[in-house]
Structures are given as structure tokens and as C-alpha cells.
Amino acid sequence: MSLKGTLGKLTAAAVMAATVSIGVAEAREFTIASWGGEYQKGQRDIFFAPYAKSKGMKFLEDTYLGGWAQFQAMQETKNIPWDVVQVETAEMARGCEEGLFLQLDWSKIGPKANYVPGAATECGVGVVIVSVVIAYNDTLIGADKPKTLEDFFNVKKWPGKRGLRDDPKHKLEFALMADGVPVGDVYKVLSTPAGVDRAFAKLDEVKSSLQFWKAGAQAPEWLASGDVVMSTAYNGRVSSAQKSGRNLKMVWDRNTVYLDSWVILKGSPHVEAAYGYMKYYSDPKLQAEYSMNVLPYGPSVMDAVQHIPAKVTETLPAGKNVEGAFVTGSAEGIAFWIDNLDALTERWNAWKGQ
Amino acid sequence: MRRRGGFALRRSPGHAALCWGGFGISASSRHAQTTDPSVLAGKLARGDRARKLTALSLIAPLFLLLVCVFGVPILAVLYYSVDNPLVSRILPQTTAAMAEWDGQALPGEAAFEAFAADAKHAYKAKTIARAALRLNYEIAGFRSMTMKAARRIKRLTGPSIKEDLIALDKRWGDIAYWRAIKDASASYTPRYLLAAVDLKMTWDQGLVQAEENRRIYLAYLTETFWISAVVVFLCVVIGYPIAYLIATSKPANQRILFILILIPFWTSLLVRTAAWVVLLQNQGMINGFLIWLGITDQPFEMIFNRFGVYVAMVHILLPFMVLPLYSVMKSISTDYMRAAASLGARPFSAFLSIYLPQTIPGLGAGCLLVFVISLGFYITPALVGGRSDQMVASLIAEFALGTANWGMAAALAVVVLVCVAAIYPIYHRFAGGDRMNLN
């Protein structure tokens, strides 16, 4: 027990030390963890700093790198270095189930009906909507432009490499939709072994043309340089490339929609401040300002769109762009991926190398 | 040298005397022959002890540092690769009830009741999800099946919990799931280590290969070792002449050449990798130049394939080959080669029989450094490789950071560690570890 305890603590401490200052849980200020970079800088200017100022309090920031490692370290060491953190749906569901995140008292935040569907949940308050779209280089594509999801798989009409994120999650769904499965039936098909085979068979059609990306910045670079003819890409990355003069275009047909959420860590010494913060973050005007002026992601509260010009909304994962989209983060989708992630990641890696 | 001496000193004083030169047993025994043995021996022994203590206290900080930064993490990794605490901790009654179960027939009512009690308690304590995820490693889908049972368990009224559970989900009547619980409830498990070499333990057939479409780890390991070996080979082919050139140049030129080697060495790995993307991509500078020259009209595919991986890795690792080689070559007197020539050796045979053997220690150190560092690469192959050029470190990173399956991450690391440990003696024999120069 002692060897085990010590090793566990030491390892967990090593993981924590990389990202977090240790041992100040009681004394520390209200701490917000988000995704870093330009993204977090925009959040600081529009949300963090004004909120702290309005309450006359100080705040600290940290970076969350995605994945579960940092949360597992918190579970092992019982050390909670953050009060609120922005997580993806899968982590939100897992943390809620494992009791790491607080079950929210919605009376302290606001009516759930104000939020876009799926953004007001047991443990999470929606932050932002991010879409993965199909993007292409308008200068290099030729006269015929891709318009649908199916066109991504049409190597006859658009020969050349295709960029795809290196990860089975939501790529199998993508393949099934291109194979004619309606958006609403994707998990019904995918939860059978035949459905998984069907998804891989569809991907086989373009396998020799696939070029896998890991970092979000790679896709627009490859498109700009002509290394790939089309690629899936985060809408925000494509917009940034457009702003810097790249002639990239997006296909919104059945785009894959992701929703990030704020969660409160159980054991936080600043629960009330965290609730206040979540309420503040749900202000439609501020969210609209973020979408227009910082990064072109979609707001999580319905009314925000009213503060955004229609012309701009057309370029965001909002309004009609998300109607008919494939929304990740449904209960069945989350359950499917927690159950099958390991097995399907192994199969994906085996398939990739064959 | 100091590190070796330190360890040797702790193991055997006799060997320490060799390593630590003048102070040691050899010194005291020499004096002991000329004067009264009993008094002097005592004094000398005291002196020896004091010197040894001084020596030990001098190396103590280094030794502690090594224990902390190498010893503990490696032990932790070894431990995590077999550690299996979750199920027995979260489902203790089930674990106890199944301790004597032989796995031949579906367990009786008692085991189901124990599971129901555990699940009810763990659901309230919110620990059930972790146990369920651990069970899911055994059989995909076991997680949601467990969660569903845990959510409904309060409403199952009996009289038979066994029948109720099976009515809820018929898989509870499948012996495979109970065998999985039994496997997962042991305190230590070989499953991660076996999985890391594409094997698994089954109840019916013993040790078997994993399902075909999940058999990936050996392939990744082989590929990783192969890529590393090719990188070492290329580094030797390119690095040896460069080191020779530097070692035999005039001091002024030497400095310039060194700067050329070291500036890339000091540049961030990501920057260098990104630079290769700019150079090698289809519309990149090299292809642009080749097309402009009219050598080709279609761009060569030089990146996002194995070629790109080799180019970027060799570029990054070349200094690790050149520097040890240079340090050996600079100490080789040019007289040897002249002597060989004056005795009638042709340049090539003089090189083979006179020069090359003297550089083996540096060559060995360079190869070992490059090889071991190559094994841990994953960012570079991810950025410049194609779909079949990924290395095992990328899987380890995904398990460690993404899904937080630390057992699997640790097991893969252990397999890599064992392979390196197995290669080392071969290398040692070939290169002669005593002469190896890591400076």
C-alpha cells in the first residue's frame, strides 16, 4: 500500500507539476482554465477581466490541454487546482459521471431555455460551438465546387489528397453519413458490428488519398499550399486563413458540431464566484462580441445571434449552418464512444497502417 | 565516469579502488607492509572511511537526483503496467464473492447480490463509472451495461437479483462478462503487458493473439525500431564525413563548421520540422525549383511519407552523431595514417584497418544516442509522416494524455524499455562499452 500510494502520488504530482501550481488549493484565487493562445486571450478581454472587476476580485488563469490526464491526476491526488474549466462534451460527461464536476444548480445561472439545444446540462454550461467543415482552396479546385459531404468521397471528380483528422471519433459517423445514413440514424447503424464495417468500407474508398492531420492548423496550411484538394477543418481555422488572404471556402453540409462547456470542479473553494462567472459568460451581447471580433465560433446562448449581422452569421456555426448538422455530444454518441473508443482506436490504427 | 565510480563504490570496495585511483584499499595496503600493522591499519581505516564518506557526500546530491528523475519514474512506470486497483477497490464484495469461483459456470445468486450491493453503494459514491470503464477494457460495451445496471439497481426488487439483472440486459447471463469481472478484480494484471505485444489471456484457450483488427502494437514497435535503425544508418553515412571534416580542418574553419552544426541543434524541434514542411511540400521551395528547372513537371512527393520522416529526423539527430564522433576523431593522431601509408597501405585499407577502429567508441556512442532518441519521436512523424509512418511514442502519448489509460501507456513504455535493454548488451559487445565516449 505504501509503495503504491507513494508511486501513485509521485506520478500524479509529476503530471500536475507540469501544468499546475501545487498546494495552494485553499489560499489561491478564483482560477479559470481554458484552451490557451489567441482563444483564451479573447476570453480574458471580454469575459474574465470584466467579470473579476465587476466583483472586485482577482483571478488566475491556467491552460487545459484536452484529454483526461489532468483530471485523472486530480482524482488521484485529491488536489483541485482550478475552479472552472472549459471541457469538451466527452470529458464533461465523464467528469459528471465520476463525480469530479459539480452538479449544477441552474437557478443560480439562468433559464435553460436560453441556451442552444444541448448547451444546458447536468454539469455543464455551454461555452461555444465549433464546427468541423469540409474546406477547399477555391483557386485550385477548378470550375466545379464541392457542395456536399458525398463530394469529399468523390475522387473521380476531384482527384487528389484529402485531409482528415487522425482519430476515429466522429470520422466513422462522417463516413456513414456520406454512405447515405441519415444524420439521426448514425448511432443506430454504428452500434452494430456491420455498421462499423460499413464505415471503414466507405473510408476505404478514399484511403489511398487520405492524409491525416493532428493539429488544427495543418488543414488550412495544406489547402493553401495545394498539398490536399479538400480537407476537414475547424471553421475558425479556415476563417483565420481567409482573413490572412487565403482563398479557402467551406462546405457546411452536415458539418460536425462540437459544443464546449464550462464545468465547476467539485471541491472548489469559489463555487459562488463560479456560478456568477457562468451567468456572466451567458450574456448574449458579450458572446456576440466574441464571435464577431475574436474567433468565429458560434455562441451558446440563443439570443446572441440577434446581435450579429446576418452576413456574419452565414460564416459562423450558428443559425442555418447548424440546422441539419451532425451534433456530437448526444447521450447515445457519448455512450458509444466511451464504450468503444479503445477498441475502435486500435482498429483505426491497424486500418491506417495496412 | 563519476557516476559509474559512484555506483561501483557502493557495490564493491575492491572495484572502487580501481576507479577512484589513489585513495582506496590499494593505497592502505602498500603502507601497511612497512610499519606496525595494527596501529597504522586502524588510522588508515579511519582515514579511508572519512575519505569515502567525503566522496559519498559529494556524489550524494547527484545520486539523489538520479534516483528522483530516473529511478522513481521508471519504477512507477513498471508498477503502473501491472497495477490493477480499481475493480477490487470499488466492487469489494463482488471481488470477495468471486474469489473462489472457478469460471466454469455462471456464478450463483450470491455473486449477483454482492454485485448489486457494490453497485448501489458505488453509484451513490459516484465511483462506479471508474470501475465500469476498467471493465470496458476487458469487453467493449461493458461500461454502459454496468452503468445501466447501477442506475436501475435500486429498483430491482427480487426475489432473485440474478434474474432481474439478466432481464434488464441478457448479457448479465453471459459467462464471458463474469470472467471479465474476475480478471479485472485481481490486484495485479498482466493484461496491459500482454496487450502491448498483441496477446491476450483467455479462459478457454489460454494465451492467444489479439483479434486481427486490434493487432497493432507489434507492428508499431517493429516500425518504430526500423525507422530508428534507418535513421541511425543515415546519420552514420552523413555524420561520419562531416565529423572527419571538422576534426581535420584548421581551427578557424572548425569554428564555422561547428556553428553550422550547432545552430540547428539549438533551434526548436517544431520550428525545424515546420521548416521541412515549407521546403518539401508539393508547392514547396524544392519542388518549385525542380519544376522551374524543367527537371519535372509534376511535383515529387517528398513529405507526408516515409521520406519526409527520414529527412526531418536525420536533420534533427545529426548533431548527436557528429559530436561524439568529432570528440574521438580529434584525438586521433594523423601520424597513424601516415605510418600506414608509408608501410604501403592504400588509403581505403588504411582507413578500414587503422582509422575506423579508433573511431568505434565515438561511433558507438553516436549510434546509441541517435537510436534511443529516435525511439521516442512522435511529433515529427506526426507532422511530416504519412498514415503508416507513426511511431509507438504517439500511441503512448495518446494513452497517457488522451484517454488516461495509464496501464496501457506504462505497458508500452515497458516493452520499449525491455527492447532497448535487450539491444544494449549486443551493442556493448560490438562497440566495447568500456571504450565508449559519451563526452
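The values are calculated or read from the model by the stated rules, or taken from the named source; none is laboratory data. All figures in this text were calculated on a predicted structure; none of them were measured in a lab. When we count neighbours, we look across all protein chains shown, and the Cβ atoms used for this are built from the backbone with ideal geometry, even at glycine.
Return only the number of the condition from (1) surrounded by fewer than 19 Cβ atoms within 10 Å (Cβ to Cβ); (2) farther than 24 Å from B:Ala421 by Cα that B:Ile373 does not satisfy.
(2)
Confirm whether B:Ser353 is over 23 Å from B:Ser249 (Cβ atoms) and crowded, with 23+ Cβ neighbours inside 10 Å. Reasoning before the result, please.
Values: over 23 Å from B:Ser249 (Cβ atoms): yes; crowded, with 23+ Cβ neighbours inside 10 Å: no.
Against the criterion (over 23 Å from B:Ser249 (Cβ atoms) and crowded, with 23+ Cβ neighbours inside 10 Å), B:Ser353 does not qualify.
Looking only at segment A:174-221, how many residues end up being touching a Phe, Trp or Tyr at 6+ places or on another chain (Cβ under 8 Å), within 12 Å of chain B (Cβ to nearest Cβ), free of Cβ contacts under 8 Å to residues at least 60 places away in the same chain and hydrophobic (A, V, I, L, M, F, W, C)?
2
Give segment A:126-159 a look and list any residue that's without any contact (Cβ under 8 Å) to a residue 24 or more places away in the chain and among the charged types (D, E, K, R), or say none.
Those that are without any contact (Cβ under 8 Å) to a residue 24 or more places away in the chain and among the charged types (D, E, K, R): A:Asp144, A:Lys156, A:Lys157.
Does at least one position in segment A:88-107 carry a residue that is assigned to a strand (DSSP E or B), within 17 Å of the chain's Cα centre (by Cα), crowded, with 18+ Cβ neighbours inside 10 Å and not polar (S, T, N, Q)?
No - not one qualifying residue is present in segment A:88-107.
Any idea which of B:Pro107, B:Pro92, B:Pro73, B:Pro85 is modelled with pLDDT of 85 or more, surrounded by 12 or more Cβ atoms within 10 Å (Cβ to Cβ) and over 37 Å from the mean Cα position of the chain (by Cα)?
When all the criteria are applied, what remains is B:Pro107.
Residues that are surrounded by fewer than 20 Cβ atoms within 10 Å (Cβ to Cβ), farther than 30 Å from A:Gly95 by Cβ and touching a Leu at 6+ places or on another chain (Cβ under 7 Å): does segment B:145-161 have at least one?
no
Name the residue that is farthest from A:Gly66 (Cα to Cα), counting only residues in segment A:76-107 that are among the acidic types (Asp, Glu) and touching a residue at least 40 places away in the same chain (Cβ under 8 Å).
Initially, segment A:76-107 is screened for residues among the acidic types (Asp, Glu), giving A:76, A:83, A:88, A:91, A:97-98, A:105.
Filter again for touching a residue at least 40 places away in the same chain (Cβ under 8 Å), leaving A:76, A:83, A:88, A:105.
Details: A:Glu76: 18, A:Asp83: 16, A:Glu88: 8, A:Asp105: 25 Å.
Applying the filter and picking the extreme gives A:Asp105.
Please specify each residue of segment A:228-245 satisfying the condition of being at pLDDT 95 or above and touching an Asp or Glu at 6+ places or on another chain (Cβ under 9 Å).
A:Met230
Go through segment B:141-164 and count every residue that is part of a loop (DSSP other than H, G, I, E, B) and within 14 Å of another protein chain (Cβ to nearest Cβ).
Here the count works out to 1.
Regarding segment A:94-103, can at least one residue be identified that is assigned by TED's automatic domain parsing to the domain that holds A:Ser300, of a type outside the set (Phe, Trp, Tyr) and closer than 18 Å to A:Gly276 by Cβ?
So far as segment A:94-103 goes, yes, one or more of its residues are assigned by TED's automatic domain parsing to the domain that holds A:Ser300, of a type outside the set (Phe, Trp, Tyr) and closer than 18 Å to A:Gly276 by Cβ.
At least 3 residues that are within 27 Å of B:Ile303 (Cβ to Cβ) and not aliphatic (A, V, I, L, M) in each: list the strands (runs of 3 or more DSSP E) lying fully within segment A:165-266 that qualify.
Strands (runs of 3 or more DSSP E) meeting the threshold: A:210-213, A:230-234.
Mind checking which residues of segment B:219-238 are free of Cβ contacts under 8 Å to residues at least 24 places away in the same chain, surrounded by 14 or more Cβ atoms within 10 Å (Cβ to Cβ) and within 11 Å of chain A (Cβ to nearest Cβ)? Spell out the reasoning first.
Here is the first cut: in segment B:219-238, the ones free of Cβ contacts under 8 Å to residues at least 24 places away in the same chain are B:219, B:222, B:226, B:233, B:237.
Filter once more, keeping what is surrounded by 14 or more Cβ atoms within 10 Å (Cβ to Cβ): B:219, B:233.
Scanning segment B:219-238 gives a single hit, B:Ala219.
Would you pick out the residues in segment A:68-87 that are under 18 Å from the mean Cα position of the chain (by Cα) and over 21 Å from A:Gln43 (Cα atoms)? Step through it out loud before you land on a result.
Kept after step one, since they are under 18 Å from the mean Cα position of the chain (by Cα), are these residues of segment A:68-87: A:68-71, A:84-87.
Selection gives A:Trp68, A:Ala69, A:Gln70, A:Phe71.
Taking B:Leu193 as the residue in question, decide whether it is of a type in the set (A, V, I, L, M, F, W, C) and crowded, with 17+ Cβ neighbours inside 10 Å.
Criteria met by B:Leu193.
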